[in-house]
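Participant: Pasting a structure below so you can have a look.
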Amino acid sequence: GPRCGQFVDATFDHSWGDFDHSVKPGEDMADNELHVFPFATLQTVFKASYLKGISISHESSLKSKFLRLITLEVNDISAGIKLLEKLKTSNADIKTFMAYKIVDGGNLNQLMLVLGFNSFGEYEKTENLQDQLSVIEVSLKTNVIKSITSETLRYNADMSLFPN
């Protein structure tokens, strides 16, 4: 996808208030200066809100070997969320289906979907995702999707703060 070759750093499972109280900002910056800044150039920063009501996740969801990141640009967020609700129910065998809406740092008409798989055999379950979304749009009598971007992220335990 568009971020091929890039390192993605993300923070999950926090309330907004958690960010009002950094644990150790000085140590965090020193760590970044030593381990991140010499090797990487910051590309983008954005904030997304987890849509718990339409998501499926478990303790090891974000540690799936492959994460398929689908970004949907929509013309109506509410209609886009309804579309994702239908997509979830039509893919009951997918164990990691994490939905987010962008709330800052980018296009506010975007929804992100993280699908987790531990093999390409499992990944195959979503090879016709675009067709599924089109069928759902027709069933809902809407034309909400403006664009779809798909990327595959690979989890590397040795680069995670929580490898186990």
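The values are calculated or read from the model by the stated rules, or taken from the named source; none is laboratory data. For clarity, every value in this text was computed on a predicted model and none was experimentally measured. All Cβ positions, glycine included, derive from the backbone under ideal geometry; neighbour counts span all protein chains shown. The protein model used for the area step is the full one, side chains on, heavy atoms only, and it has no ligands, DNA or RNA in it. Shrake-Rupley method; radii C 1.70, N 1.55, O 1.52, S 1.80 Å.
Participant: Has region 57-70 got any residue that is modelled with pLDDT of 95 or more and under 21 Å from residue 12 (Cβ atoms)? Write out each step before concluding.
Facilitator: Here is the first cut: in region 57-70, the residues modelled with pLDDT of 95 or more are 70.
Add one more test, that the residue is under 21 Å from residue 12 (Cβ atoms), and what stays is 70.
Taking every residue of region 57-70 in turn, at least one turns out to be modelled with pLDDT of 95 or more and under 21 Å from residue 12 (Cβ atoms).
Participant: Just the residues that are closer than 20 Å to residue 158 by Cβ, of a type outside the set (A, V, I, L, M, F, W, C) and surrounded by fewer than 10 Cβ atoms within 10 Å (Cβ to Cβ), please, taken from region 12-63.
Facilitator: Within region 12-63, 38, 59 meet the criteria.
Participant: Right, another one. Kindly indicate whether residue 128 is closer than 12 Å to residue 48 by Cα and open to solvent by 50 Å² or more (accessible area, probe 1.4 Å). Don't jump to the end; show me each part of the working.
Facilitator: Working: closer than 12 Å to residue 48 by Cα: no; open to solvent by 50 Å² or more (accessible area, probe 1.4 Å): yes.
So residue 128 does not fit the description; no.
Here's the yes/no breakdown for (1) among the hydrophobic types (A, V, I, L, M, F, W, C); (2) on the phi < 0 side of the Ramachandran plot; (3) assigned to a helix (DSSP H, G or I):
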{"site": "53", "(1), (2), (3)": "no, yes, yes"}
{"site": "59", "(1), (2), (3)": "no, yes, no"}
{"site": "78", "(1), (2), (3)": "no, yes, yes"}
{"site": "102", "(1), (2), (3)": "yes, yes, no"}
{"site": "130", "(1), (2), (3)": "no, yes, yes"}
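Residue-wise test of (1) of a type in the set (D, E, K, R); (2) touching a Leu at 6+ places or on another chain (Cβ under 6 Å); (3) touching a residue at least 60 places away in the same chain (Cβ under 8 Å).
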residue: 5; (1), (2), (3): no, no, no
residue: 14; (1), (2), (3): no, no, no
residue: 33; (1), (2), (3): yes, no, no
residue: 36; (1), (2), (3): no, no, no
residue: 48; (1), (2), (3): no, no, yes
residue: 76; (1), (2), (3): yes, no, yes
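Participant: OK, next. Of all residues in region 82-100, which are part of a loop (DSSP other than H, G, I, E, B) and open to solvent by 20 Å² or more (accessible area, probe 1.4 Å)? Walk me through it before giving the result.
Facilitator: Taking region 82-100 as the starting set, the residues that turn out to be part of a loop (DSSP other than H, G, I, E, B) are 90-96.
Hits for region 82-100 are 90, 92, 93, 95.
Participant: Suppose the filter is at pLDDT 90 or above, open to solvent by 50 Å² or more (accessible area, probe 1.4 Å) and not charged (D, E, K, R); does residue 164 pass it?
Facilitator: On the way: at pLDDT 90 or above: no; open to solvent by 50 Å² or more (accessible area, probe 1.4 Å): yes; not charged (D, E, K, R): yes.
The answer is no for residue 164.
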